[in-house]
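Have a look at the structure below before the remarks.
The values are calculated or read from the model by the stated rules, or taken from the named source; none is laboratory data. These numbers come from a predicted model, not from an experiment. Because the Cβ atoms are built from the backbone with ideal geometry, glycine has one as well, and the counts that use them run over all protein chains shown. Heavy atoms of the whole protein, side chains included, go into the accessibility calculation; ligands, DNA and RNA do not. Shrake-Rupley method; radii C 1.70, N 1.55, O 1.52, S 1.80 Å.
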Amino acid sequence: MTNLEFENMAVNIVKNFPGPDASFEDLKKKKEKRIRHTMARPSGNRKKVLVAVLVIALVIVSGFSVYAGQAGNGMWAFYSASSTYLARFDLELPEQLASASMSEEIQWLKIVPHGTSWKNALINPLYTVASVTYYLDNSEAYCDISVGSTKNAYWESYFSYDDDVWAPRGSTGRNNNYSYGTVQTEEFEGMILYFSQKTMWGTAYENGSTSNVIVTWIDSENRICMNLNLLNSTDMDAAVACAKEIIKMNR
């Protein structure tokens with residue numbers, strides 16, 4: 001199981017978590033109310049309770065998290081409010097791709113050794129990936145976009161590259177069954193787009209299997225690698241068109 005496939009698995013796990021119904025502003029107000037109430041408690045327990053409330057509040061603002069992994073590494077996932085500009089990667093994303101709209105939150109995946117606390121993962125991860133989902137009007141997920149820096153040597157392992165060439169590998173196991181079709185390439189704006197159909201099968205899927213289209217490319221100018229995952233689709237033209245829109249937006 002590659003790191004890229006592991007990310008997709010972890011993202012799907014996180015998406016199934018029940019998300020908060022309230023907006024970040026509502027959460028902030030609730031947090032402030034709880035802190036004010038805590039400060040009014042008897043002084044003997046005040047410090048312990050206040051610390052606990054602050055930790056809980058931080059986790060809520062950061063978002064729900066999941067820890068899983070392989071080969072000695074795992075992943076913590078945090079959320080932040082979405083933005084069309086990811087300053088960390090100097091990357092601009094469109095508010096809409098095809099007929100889908102950007103989600104209201106960005107998922108930050110922190111790769112860390114097993115046993116790392118969420119606090120250390122947030123401050124000092126081995127590698128960081130940002131992931132954004134686009135949704136259709138019926139709230140169905142349309143595509144996922146992931147981006148990570150190529151300044152850190154870990155990027156090749158994470159995005160399944162070998163000497164700057166995309167080399168995805170399938171997997172057959174009790175919980176992870178998937179394979180890739182022929183990898184195709186297309187040059188665009190001085191970059192090589194790699195794309196392939198990914199087929200996943202198992203009892204979790206309504207018809208026994210499902211297919212996505214994966215498009216990945218390296219932006220050497222901005223020193224990032226990007227991965228676009230068109231969900232529940234075999235339309236390679238649509239997936240490549242979305243990738244090209246993002247590339248043109250950042251030229």
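Here are the numbers for the structure shown:
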item	result
Complete set of residues in the stretch 175-187 that are surrounded by 14 or more Cβ atoms within 10 Å (Cβ to Cβ), part of a strand (DSSP E or B) and out of contact with any Leu (no Cβ under 6 Å at 6 or more places or on another chain)	Y178, S179, Y180
Search result, residues across the stretch 233-248 that are open to solvent by 30 Å² or more (accessible area, probe 1.4 Å) and touching a residue at least 24 places away in the same chain (Cβ under 8 Å)	T234, M236, A241, K244, E245, K248
Matching entry among I224, I218 (being in contact with a helix residue (DSSP H, G or I) (Cβ under 6 Å, 6 or more places away or on another chain), among the hydrophobic types (A, V, I, L, M, F, W, C) and in contact (Cβ under 8 Å) with a residue 60 or more places away in the chain)	I224
Residue ID - farthest from A87 (Cα to Cα), chosen from residues in the stretch 195-232 that are open to solvent by 10 Å² or more (accessible area, probe 1.4 Å) and hydroxyl-bearing (S, T, Y)	T203
Hits in the stretch 127-148 - residues which are within 12 Å of S101 (Cα to Cα) and either crowded, with 19+ Cβ neighbours inside 10 Å or touching a Phe, Trp or Tyr at 6+ places or on another chain (Cβ under 7 Å) (or both)	V132, T133, Y134, Y135, L136, A141, Y142, C143, D144
Scan of the stretch 93-112 for residues that are open to solvent by 60 Å² or more (accessible area, probe 1.4 Å) and either touching a strand residue (DSSP E or B) at 6+ places or on another chain (Cβ under 6 Å) or not aliphatic (A, V, I, L, M) (or both), ordered by number	E95, Q96, S99, E104, E105
Given (1) assigned to a helix (DSSP H, G or I); (2) touching a residue at least 40 places away in the same chain (Cβ under 8 Å); (3) open to solvent by less than 60 Å² (accessible area, probe 1.4 Å), index of the condition E156 fails	(2)
